[in-house]
Amino acid sequence: MARRSDHTRAELRDIIIASACRIIQDSGLNGLSIRKIAKDIGYTSGTLYQHFRSLDELIIETHILTLDALYDQLSQVEIGDTPETSLQMIAQSYLRFSAINKNRWNALFTHTLPLGHALPQRYDDAVLRLFNIGVAALQPIFSDDDSDRALLEARVLWSSLYGIVSLETTSNLSRFENVETFTHTLFQNYVAGLRVRYG
């Protein structure tokens, strides 16, 4: 087992977060505890509390890593001149990520902070980077003066896509239609409406 002298403070912080990510991936958010992380990395629970004030604070750090990993995957999608095609490719990449990282993805939306606790700015920044991928896909429809509107529409689409992915990861969507049909219909209809409104 590791000892306190084996790692710098920054290294240990990263080790703790990485362990939490692994446990969430393997056992889900309900399987995560400070005691389990401490056992996994060979430190005491008290040592972990020297780095994180609470389990909630640590979970938020795992969320940021998940959002960053999702961004890294989605940013590989080539954005073209046809919003429907770009959005469909983004959705396919998103679905692959959620399937591979099912428990970590679900943790993003099942975890809630205690009342009075705010998310850090880094979390909001990570979410905005994802929204901006949607903005880039929708950009052919909007003028440069409509950047705020493009962001709003991208957020609406992200929220709609979340619903579809959530149904897919819980195996509720496949009882009705396949996920490609849902996303294709969503993007075709939504973009058609945007073209009428802003074209």
Looking at segment 154-168, I want the residues that are of a type in the set (D, E, K, R) and have a partner that is modelled with pLDDT under 90 and surrounded by 16 or more Cβ atoms within 10 Å (Cβ to Cβ) with Cβ atoms under 8 Å, at least 6 apart or on another chain. Which pairs are those?
E168/V179
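So that you can scan it fast, the table gives a plain yes or no per residue for (1) surrounded by 14 or more Cβ atoms within 10 Å (Cβ to Cβ); (2) modelled with pLDDT under 95; (3) not small (G, A, S):
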{"position": "L32", "(1), (2), (3)": "yes, no, yes"}
{"position": "R35", "(1), (2), (3)": "no, no, yes"}
{"position": "A38", "(1), (2), (3)": "yes, no, no"}
{"position": "T47", "(1), (2), (3)": "yes, yes, yes"}
{"position": "R53", "(1), (2), (3)": "no, yes, yes"}
{"position": "T62", "(1), (2), (3)": "yes, no, yes"}
Number of positions in segment 123-140 that are of a type in the set (S, T, Y) and closer than 17 Å to L186 by Cβ
0
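Just to be sure I understand, how many residues within segment 10-33 are touching a residue at least 24 places away in the same chain (Cβ under 8 Å) and part of a helix (DSSP H, G or I)?
Initially, segment 10-33 is screened for residues touching a residue at least 24 places away in the same chain (Cβ under 8 Å), giving 12-13, 15-17, 20-21, 24-29, 32.
Still in the list and also part of a helix (DSSP H, G or I): 12-13, 15-17, 20-21, 24-27, 29.
Total meeting the criteria: 12.
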Of the numbered conditions (1) at pLDDT 95 or above; (2) touching a His at 6+ places or on another chain (Cβ under 9 Å), S86 fails exactly one; give the number of that condition.
(2)
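I'm trying to understand the selection: among the residues of segment 64-104, which are β-branched (V, I, T), under 17 Å from V135 (Cβ atoms) and crowded, with 16+ Cβ neighbours inside 10 Å? Break it down into steps so the answer makes sense when it comes.
First, the residues of segment 64-104 that are β-branched (V, I, T): 64, 66, 77, 79, 82, 85, 90, 100.
Cutting the leftovers down to under 17 Å from V135 (Cβ atoms) gives us 77, 79, 82, 85, 90.
Scanning segment 64-104 gives V77, I79, I90.
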Look through segment 110-152, keep the residues that are among the β-branched types (V, I, T) and crowded, with 17+ Cβ neighbours inside 10 Å, and return whichever of them is nearest to E57 (Cα to Cα).
V127
Please work out if T169 is within 24 Å of I64 (Cβ to Cβ) and of a type in the set (S, T, N, Q).
yes
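For A107, are the conditions met, namely being surrounded by 15 or more Cβ atoms within 10 Å (Cβ to Cβ), assigned by TED's automatic domain parsing to the domain that holds V127 and within 17 Å of the chain's Cα centre (by Cα)?
Details: surrounded by 15 or more Cβ atoms within 10 Å (Cβ to Cβ): yes; assigned by TED's automatic domain parsing to the domain that holds V127: yes; within 17 Å of the chain's Cα centre (by Cα): yes.
So A107 fits the description; yes.
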Could you run through segment 121-174 and say how many residues are within 17 Å of Q76 (Cα to Cα), charged (D, E, K, R) and touching a Leu at 6+ places or on another chain (Cβ under 7 Å)?
0
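The values are calculated or read from the model by the stated rules, or taken from the named source; none is laboratory data. Predicted, not measured: the structure shown is a model, and the values here were computed from it. Ideal geometry is used to build each Cβ from the backbone, glycine not excepted, and the neighbour counts take in all protein chains shown.
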